[in-house]
Amino acid sequence: MKTLIVYYSKTGNTKIVAEILAQNLKADTEELTESKPKSGIISMLIAGKDAMLKKSAPINDLKHQLNDYDLVIIGTPIWAWTMSNPIRAFIEKNKQNLKKVAFFATMGGCGDKHAFSHMGKLSGLTPIATSSFIDSKIKKGDLKTELLNFVDAIKKNN
């Protein structure tokens, strides 16, 4: 089964998880980039507000063709208890090309279940697996248990 991991990472935490997952699943990766990137603390506050308001962020075109993949794993940081704006844009723009999905989130504390629910509704698909990773554990490199459980759930349901 051919797998692609699509993710957005502002601080690098989601990228770390995506890369480790890709190694474990022998998957390709696609990092989403914004076509109008913003930086600084004010932009992070605006992004959080926009996430709460369910606004999308303009993203650049993908390098991979989604139709080539049986499974797309979507990774997002949690912003204001929901998915990031670039991930929202990705799902809105590409939901018709998704066959099977799994979701993961990186976060400071909570919001993952709410985000996964919205991602499922937006994509029109029920994820085969979901998992969350706490930022402080990512920074310590303490991901083994959660990561292996997620990989096992994906393999079992794929």
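Please turn the phi angles of the range 146-158 into ³J(HN,Hα) values with the Karplus equation 6.51 cos²θ - 1.76 cosθ + 1.60 (θ = phi - 60°), one per residue in order, whole Hz, x for glycine and proline.
For the range 146-158, the Karplus-derived couplings read 4, 5, 5, 4, 5, 4, 4, 5, 5, 5, 5, 9, 9 Hz, x marking Gly and Pro.
For the chain, what is the per residue volume of the convex hull drawn over the alpha-carbon atoms, in cubic angstrom?
97
Please state the charge dipole magnitude for the chain, taken about the Cα centre, from unit charges on C-beta atoms (+1 on K and R, -1 on D and E), reported in debye and rounded to the nearest 20. Please report the intermediate quantities before stating the final value.
On the way: 23 positive and 15 negative charges, 53 e Å.
Dipole magnitude for the chain comes out near 260 debye.
Give me the percent of Cα-Cα pairs in the range 76-126 that sit more than 17 Å apart, rounded to a whole number.
26
Taking amide H positions as placed in the peptide plane 1.01 Å from N, state which residues far from Thr106 in sequence (5 or more) or on other chains have amide H under 5 Å from it.
Those lying under 5 Å, H to H, from Thr106 are Thr76, Ile78, Phe133.
Once every DSSP H run of n ≥ 4 in the chain is given -39500 (n - 2.57) and the sum is divided by its residues, what mean residue ellipticity at 222 nm do you get, rounded to the nearest 500 deg cm²/dmol?
-13000 deg cm²/dmol
Would you grab the residues whose amide H sits under 5 Å from the one on Ile59? Only those 5+ places off in sequence or on another chain, please, with H modelled 1.01 Å from N.
Ser35
Answer with one residue from Val101, His64, Ala80: the one whose Cα lies farthest towards the positive end of the charge dipole of the chain, charges on Cβ with Lys, Arg +1 and Asp, Glu -1.
Value: Ala80.
Taking 21 Å as the cut-off for C-alpha to C-alpha distance, list the pairs among Lys99/Lys139; Lys2/Lys155; Lys63/Lys156; Lys54/Lys95; Lys63/Lys93; Lys2/Lys144 that go past it.
The answer is Lys99/Lys139; Lys63/Lys156; Lys2/Lys144.
From the phi of every residue in the range 98-104, what ³J(HN,Hα) in whole Hz does the Karplus formula 6.51 cos²θ - 1.76 cosθ + 1.60 yield, where θ is phi - 60° and glycine or proline is x?
9, 9, 9, 9, 9, 10, 9
Asn67 versus Thr11, label points 7 Å from Cα toward the beta carbon: distance in nm?
Result: 3.9 nm between the two label points.
Under 12 Å from the Cβ of Asn67, count the other residues' Cβ atoms, weight Lys and Arg +1, Asp and Glu -1, and hand me the total. Please report the intermediate quantities before stating the final value.
Values: positive: Lys2, Lys99; negative: Asp68, Asp70.
Around Asn67, the charge tally is 0.
Sum up the charges of everything whose Cβ sits under 12 Å from the Cβ of Phe90, counting Lys and Arg as +1 and Asp and Glu as -1, but leave Phe90 out. Can you show the working numbers first?
Numbers: positive: Arg88, Lys93, Lys95; negative: Glu30, Glu31, Glu34, Asp61, Glu92.
Computed value for this residue: -2.
Set the Förster distance to 30 Å, then compute FRET efficiency between Lys113 and Asn24 from the Cβ-Cβ distance, nearest 0.05.
The pair Lys113/Asn24 has a calculated efficiency of 0.80.
Long-range amide H contacts for Ile73: which residues qualify at under 5 Å (H placed 1.01 Å from N, peptide plane, sequence gap of 5 or more or a different chain)?
Leu4, Ile5, Val6, Ala102
Values quoted throughout were computed directly from the atomic coordinates according to the rules given, and no laboratory measurement underlies them. A quick note: this is a predicted structure, and the numbers were derived from the prediction, not measured. Please note: Cβ atoms are built from the backbone with ideal geometry, for glycine as well, and neighbour counts cover all protein chains shown.
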